[in-house]
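Just below is one structure, and these are the notes that go with it.
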Amino acid sequence: MSSTAAAETATTTGTATPAVSVRNLWKVFGPKAESVPGSPDGELPSAELKAKTGCVAAVRDVSFDVAPGEVFVVMGLSGSGKSTLVRCVTRLIEPTAGDVLIEGDNLSAADAKRLRELRRNRFAMVFQHFGLLPHRRVVDNVAYGLEVRGDDKASRTKRAQEVIELVGLSGFENSFPDQLSGGMQQRVGLARALAGDPDIMFFDEPFSALDPLIRRGMQDEVLRLHHEVGKTMVFITHDLSEALRLGDRILIMRHGRLVQCGRPDELVGAPADDYVRDFTRDIPRSHVLTMRWIARPLAEGEGSDGPEVSPDLVIRDSIPIVSGAASPVRVVDNGALLGVVGRDDLLAVIGGQGS
């Protein structure tokens, strides 16, 4: 996929004002970094750019939109630029070029006072390193951002108690961080981010230091909270399984560039290039692809009275329906027949998983 086509894919989220809109974002480190974006040097491979200019382009001309209420995942290997990207989007580091809009407000043009207001009220971040205050109890850690914002003690304590219950830490309000497990500490960090009731939450590899079982539990927690409170979430990870589990859409980065952006089934079913194909090759296709990917025309002599299923039904979840039907199931989208799926069609997918 060309960079233009990738950008078009990444910025198609519907007609609503995007929660986050990133346009032609660059982050270049080195001397005269501002001369690299938009120049021929900006197209050079990393090693050649470094040799010629002394600069490193960590993020190269990235554009995407995040829809309100969406879980949007940015993923890539170490050095792909994903963490630098989220730090530029939140202006923890300054972009070299490009624009970032938060619900239509141009964050790139915000002065220091406006930036503080946006961080306190509109978006929050959850990091891999929890950054809890060791001398403060859980309730005081959770309420810290509200204290900085100037909320009175009674209201911030009340709000802290609400989110402590929301993240499943009731009974630990008066504990200190060193009395908690790693997973519980991360819940405190999550509660602290939620306490200010931000519209958008940014997660920078928050669970990568946790044990696998605790990590999966925290993923479940994020999904539960998303369903309950409906926040827009931008999640950074290097783990494809985590990305596929959490993301409504996934943006894959490599060498600072956007490689592909799409729904999990699009990345697995139609990888943009060999890099994405290699990334997704070990993912069981029946766990990600939906019925629309394998629907086919009705063959001559086949019955047409099979049960009706949604094109967005995951293939794995369709197995009992297809196996129990006398005729191929009909894949129907808003009354329109997209095709049919029979037992042999399922077997072809399941038998070729990971290939």
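The values are calculated or read from the model by the stated rules, or taken from the named source; none is laboratory data. The structure presented is a predicted model; accordingly, all values stated were derived computationally and were not measured. Cβ atoms come from the backbone with ideal geometry, glycine included; neighbour counts cover every protein chain shown. These area figures cover heavy atoms from the full protein model, side chains too; ligands, DNA and RNA do not enter into them. Shrake-Rupley method; radii C 1.70, N 1.55, O 1.52, S 1.80 Å.
Quickly run through the stretch 161-181 and pick out the residues that are under 26 Å from the mean Cα position of the chain (by Cα) and open to solvent by less than 30 Å² (accessible area, probe 1.4 Å). Selection gives 163, 164, 167, 169.
Can we say residue 245 is of a type in the set (D, E, K, R), over 18 Å from residue 71 (Cβ atoms) and either part of a strand (DSSP E or B) or modelled with pLDDT of 90 or more (or both)? Spelling it out, it is not the case that residue 245 is of a type in the set (D, E, K, R), over 18 Å from residue 71 (Cβ atoms) and either part of a strand (DSSP E or B) or modelled with pLDDT of 90 or more (or both). Taking the conditions (1) outside any loop (DSSP other than H, G, I, E, B); (2) surrounded by 20 or more Cβ atoms within 10 Å (Cβ to Cβ); (3) at pLDDT 95 or above in turn, residue 98 satisfies each one other than (2). If you check residue 235 against the conditions, is it open to solvent by less than 50 Å² (accessible area, probe 1.4 Å) and modelled with pLDDT of 90 or more? Answer is yes for this residue. How many residues are open to solvent by less than 70 Å² (accessible area, probe 1.4 Å) and in a loop (DSSP other than H, G, I, E, B) when one looks only at the stretch 23-44? Residues in the stretch 23-44 being open to solvent by less than 70 Å² (accessible area, probe 1.4 Å) and in a loop (DSSP other than H, G, I, E, B): 5 in total.
Looking across the stretch 186-211, just one residue is closer than 25 Å to residue 153 by Cα and of a type in the set (S, T, N, Q), and that is 186. Number of residues in the stretch 60-92 that are under 16 Å from residue 205 (Cβ atoms) and either open to solvent by 10 Å² or more (accessible area, probe 1.4 Å) or not hydrophobic (A, V, I, L, M, F, W, C) (or both) equals 12.
Residues in the stretch 241-286 that are of a type in the set (Asp, Glu) and under 24 Å from residue 87 (Cβ atoms) were compared, and the one that is least open to solvent (accessible area, probe 1.4 Å) is 242. Would you check if there is a residue in the stretch 223-230 being touching a strand residue (DSSP E or B) at 6+ places or on another chain (Cβ under 8 Å), open to solvent by 10 Å² or more (accessible area, probe 1.4 Å) and either assigned to a loop (DSSP other than H, G, I, E, B) or of a type in the set (D, E, K, R) (or both)? No, because not a single residue in the stretch 223-230 is touching a strand residue (DSSP E or B) at 6+ places or on another chain (Cβ under 8 Å), open to solvent by 10 Å² or more (accessible area, probe 1.4 Å) and either assigned to a loop (DSSP other than H, G, I, E, B) or of a type in the set (D, E, K, R) (or both).
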